[in-house]
Amino acid sequence: MTLVDSAEGITATMRACLAEVGVDITPAQMREVIGLPLTTILGTFAPGRDTAPLAARYRELYPERGVPPTVLLPGAAEAVRAIHRLGGRVLVISAKVEPAIRAVLRHVGLDAGELAPDAVTGDAFAAGKRDALRAAGATAYVGDHVADVEAARAAGALAVGVTTGAHDRETLLAAGADVVLDDLGALSDLVRELHAGGVPHGAVATP
């Protein structure tokens with residue numbers, strides 16, 4: 001489940017990081033790569049440079065530049081609450097490192113009680129997300145990137161796409177999504193439908 005809109009914060013942080021080494025990028029350029037691993041993005045915009053120090057600098061800047069603009073998506077809190085009330089678990093999986101994930105969760109109020117995730121896995125993409133889903137016994141995975149859909153299918157989980165990111169309905173369906181939502185407003189109802197249909201109480205994983 002894509003819980004937040006972090007595009008503005010990610011873009012602001014990346015632009016500040018790259019500006020320090022003389023690289024200028026536009027928000028439109030960033031939108032095309034949001035969701036990919038940090039070092040992949042850095043390598044795309046700063047080819048030939050060592051991405052390790054750039055990644056370290058990005059992570060230094062993120063709490064100040066990236067967290068404050070991040071907003072909770074409508075329907076996200078309700079879906080997390082619905083999952084927990086039906087006896088399910090919520091696993092957050094992200095390409096972000098764990099400290100950044102937890103900072104975002106605190107910022108948007110998803111860090112306590114029935115709104116807090118049951119587990120957090122950071123620095124995961126593609127095979128890393130697949131492995132985390134398998135380890136958790138996830139029955140459904142909600143994401144806005146084609147890699148999320150592919151990870152869900154590889155892990156044997158229901159692949160739920162949501163068009164809150166860079167990929168549209170057709171792209172997510174082509175990647176193999178079982179269901180595509182326009183936003184998270186309908187997710188609580190989907191969770192209840194899955195529960196009523198006898199889907200086991202595994203994790204609904206969130207990137």
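No value in this document is a laboratory result; all are computed from the given coordinates. For clarity, every value in this text was computed on a predicted model and none was experimentally measured. Positions of Cβ are backbone-derived with ideal geometry, glycine not excepted, and every protein chain shown enters the neighbour counts.
What relative contact order, as a whole-number percentage, does the range 1-146 give when Cα pairs under 8 Å and 6 or more residues apart are counted?
Computed value for the range 1-146: 29 percent relative contact order.
Can you tally the net charge around Ala103? Count Lys and Arg as +1, Asp and Glu as -1, for every other residue whose Cβ sits under 10 Å from the Cβ of Ala103.
Working: positive: Lys96, Arg102, Arg106; negative: Glu98, Asp111.
Spelling it out: positives minus negatives among the neighbours equals +1.
So how far apart, in nm, are the two label points at Glu78 and Ala119 if each is 7 Å from Cα heading toward Cβ?
2.9
Angle, helix 187-196 long axis vs. longest principal axis of the chain, Cα atoms, 0 to 90°, nearest 10?
40
Which residues make up the longest stretch of the chain that has no GluC sites (Glu not before Pro) in a DSSP loop with at most 12 other Cβ atoms within 10 Å? Please report the intermediate quantities before stating the final value.
On the way: sites that count: Glu20, Glu32.
Looking at the chain, 33-207 is the longest stretch - no exposed GluC sites (Glu not before Pro) with at most 12 other Cβ atoms within 10 Å.
Let me spell out the model: positive unit charges on the Cβ of Lys and Arg, negative unit charges on the Cβ of Asp and Glu, origin at the Cα centre of the chain. What dipole size does that give, in debye rounded to 20? Intermediate values should be presented prior to the final figure.
Values: 18 positive and 25 negative charges, 88 e Å.
Approximately 420 debye in magnitude.
In µm²/s, what is D for the range 4-65 at 4 °C and 1.567 mPa s, where D = kT/(6 pi eta Rh) by Stokes-Einstein and Rh is the Kirkwood radius from Cα pairs? Mind showing how you got there, number by number?
Numbers: Rh = 11.5 Å.
Taking Rh from Cα pairs, D becomes 113 µm²/s.
Specify the angular offset, from 0 to 90 degrees and rounded to the nearest 10, of the alpha carbon long axis of helix 7-19 from the longest principal axis of the alpha carbons in the chain.
Result, in degrees: 20.
Report the label-to-label distance for Arg134 and Arg192 in nanometres (one decimal), using points 7 Å from each Cα along the Cα→Cβ vector.
So the label points at Arg134 and Arg192 sit 3.5 nm apart.
Given the options Leu36, Ala196, Ala124, identify the residue whose Cα lies farthest towards the positive end of the charge dipole of the chain (+1 on Cβ of Lys, Arg; -1 on Cβ of Asp, Glu).
In the chain, that residue is Ala124.
Which entry in [x] 16; [y] 21; [z] 25 is this structure's computed percent of Cα pairs over 29 Å apart?
Comparing each candidate, only [y] matches the computed number.
Per 0.36 nm of contour for each residue apart, how much would the distance between Thr171 and Glu8 grow if the chain were fully extended, relative to their Cα-Cα spacing?
On the way: separation 163, 0.36 × 163 = 58.68 nm, distance 2.24 nm.
Full extension from Thr171 to Glu8 adds 56.4 nm.
Suppose a student asked you for the relative contact order of the range 71-206, using Cα pairs under 8 Å spaced at least 6 residues apart; what percent would you report? Don't skip to the answer; put the middle values down first.
Details: 257 pairs, mean separation 41.6, N = 136.
Relative contact order, the range 71-206: 31 percent.
In what sequence, highest mean first, do 89-101, 124-136 appear when ranked by Cβ atoms within 10 angstrom? List each step's numbers first, then the result.
Details: 89-101: 21.7, 124-136: 19.3.
Result, highest mean first: 89-101, 124-136.
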